[in-house]
Amino acid sequence: MPRAFITGITGQDGQHLAEFLHNKGYDVFGLVKGQNNPRMDLLRDEFPFVQPVPGDLADLPSLVKALETSQPDEVYNLGAISFVAMSFNQAELTANITGLGVLRLLEAIRMVGGTSNNKIRFYQASSSEMFGKVRETPQNEMTPFHPRSPYGCAKVFGHDITVNYRESYDLFACSGILFNHEGPRRGLEFVTRKITNAVARIKLGLQDSVTLGNLDAKRDWGYAGDYVKAMWLMLQQDQPDDYVVATGETHSIEELLALAFAEVGIDDWHPYVKQDPKYFRPAEVDLLIGDSTKARTKLGWAPEVDFPGLVKLMVENDLRIESSRNSR
Ligand code: NAP
Ligand code: GDD
């Protein structure tokens with residue numbers, strides 16, 4: 001059986017990828033940080049097939065040990081401080097984990113066996129946030145980077161060091177430049193899930209309104225379940241390379257609000273939405289829309305869930321969770 005090691009196993013993508021690889025017959029190992037990680041119960045209950053390995057992206061020896069324990073064929077680096085808003089307040093931590101964490105993991109792979117005899121394949125979770133103040137539209141693999149947050153800057157470092165290690169040490173290292181992807185497992189801090197959860201609670205009479213920041217931003221939103229397949233496909237190719245993964249559509253937060261409220265029969269969302277400057281960011285990414293032609297042609301990848309389908313899926317999930325929580 002092939003063996004996969006995933007950092008960020010407790011996050012949205014880690015959960016989707018673990019499920020995907022398990023269904024493909026992989027032995028799945030996941031890096032879990034902290035002495036009593038609050039998400040260990042979730043891992044044990046919903047992903048009993050995942051073998052947890054202790055460690056932290058801030059700690060090189062723990063990464064070496066984790067690779068020695070799991071002996072993976074494929075390493076997926078999904079662990080990061082991933083919330084852009086938080087990165088403005090904890091910029092040094094973000095640089096250390098989201099940026100330098102990539103370097104540490106690449107070094108661990110070199111130490112444990114990433115060279116031609118024992119070739120570990122490596123996937124880096126790069127981000128459309130690297131395009132930031134976009135230099136062209138849509139954005140593809142050749143579009144120059146102009147990050148707009150400490151998170152974006154750290155991701156640029158992670159991306160560049162992945163390319164550099166591939167070129168310098170003949171590592172099979174790929175970088176997926178993924179545009180926003182969401183789903184029922186999305187953290188409540190991100191705007192899609194914050195909205196779908198609030199819509200469900202408003203429908204059930206559990207809250208009156210939702211308070212947001214900038215409603216004008218536009219994102220290329222896809223479904224996380226579709227995107228983890230692209231990660232895996234990158235590591236199955238003959239040659240390592242970098243790929244943009246996106247739907248090719250962009251939508252504003254106002255469109256998201258309209259669809260989510262319509263899902264519970266509310267035609268006008270305006271009375272339910274407030275704005276607070278505390279949710280505005282010091283610098284914003286106004287528009288993202290990806291050109292994933294390369295992934296579609298070379299990997300044969302295509303998204304299956306469209307934007308209205310994604311919003312429906314998330315609202316239905318939050319209605320289910322909130323009704324069962326409040327009927328107890
Ligand atoms: P997420 O839900 O926020 O998960 C982040 C994961 O990183 C969690 O499992 C977290 O573990 C782990 N982590 C945080 N600090 C760590 C540390 N010091 N050492 C080891 N692990 C650590 O993020 P996601 O949405 O699944 O995204 C996965 C990756 O893709 C991230 O790198 C993100 O930046 C990138 N990305 C995401 C998107 C998107 O739209 N979702 C788009 C492009 C790129 P704990 O639970 O223990 O904190
Ligand atoms: N989170 C949040 N909360 N965002 C809000 C809010 C709010 O109350 N109100 C408006 N927004 C706007 C943000 O200013 C941003 O323009 C947009 O909604 C999306 O914010 P997030 O959902 O937090 O995601 P993100 O685009 O900043 O980052 C996500 O996607 C990146 C890929 O482009 C994260 O998953 C990153 O890890 C990922 O790399």
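Just so you know, all these numbers are worked out from the coordinates, no wet-lab data involved. Remember, predicted model here, so these are calculated numbers, not experimental data. Backbone-built Cβ (ideal geometry, glycine too); neighbour counts: all protein chains shown.
Legend: distances between Cα atoms for LYS119/LYS298; LYS24/LYS312; LYS229/LYS294; LYS33/LYS294; LYS203/LYS312; pairs beyond 25 Å are LYS24/LYS312; LYS33/LYS294. Please list, in order, the residues from the range 278-302 whose amide nitrogen is less than 19 Å from a point placed 7 Å along the Cα→Cβ vector of GLN239. 293-301, by backbone N distance to the label point. With contacts taken as Cα pairs under 8 Å at a separation of at least 6 residues, the range 247-328 carries a relative contact order of 42 percent.
Measure out, as a whole number of angstrom, how far apart the alpha-carbon centroids of the range 72-138 and the range 229-288 sit. Here the answer is 21 Å between Cα centres. Listed values for the range 88-104 are Karplus-derived 3J(HN,Hα) couplings in whole Hz (6.51 cos²θ - 1.76 cosθ + 1.60, θ = phi - 60°), namely 5, 8, 10, 5, 5, 4, 5, 4, 5, 8, 6, x, 5, x, 5, 4, 4, and x replaces Gly and Pro. Of THR94, THR293, the sequence from fewest to most neighbouring Cβ atoms within 10 angstrom is THR293, THR94. If R0 equals 35 Å, the separation of the Cβ atoms of ARG135 and ASP268 corresponds to a calculated FRET efficiency of about 0.40. Scanning the chain for GluC sites (Glu not before Pro) lying in DSSP loops with no more than 12 further Cβ atoms inside 10 Å, the longest uninterrupted stretch between such sites is 1-135. Using only Cα atoms and rounding to the nearest 10 degrees, what angle (0 to 90) does helix 191-203 make with the longest principal axis of the chain? Compared with the principal axis, the helix lies near 40 degrees. Note on SER252 and LYS119: the extension gain reaches 43.6 nm, defined as 0.36 nm multiplied by sequence separation minus the Cα-Cα distance. Relative to the longest principal axis of the Cα atoms of the chain, the long axis of helix 307-327 lies at roughly 80 degrees. Principal-axis analysis of the Cα atoms of the chain puts helix 12-23 at an angle of about 60° to the longest axis.
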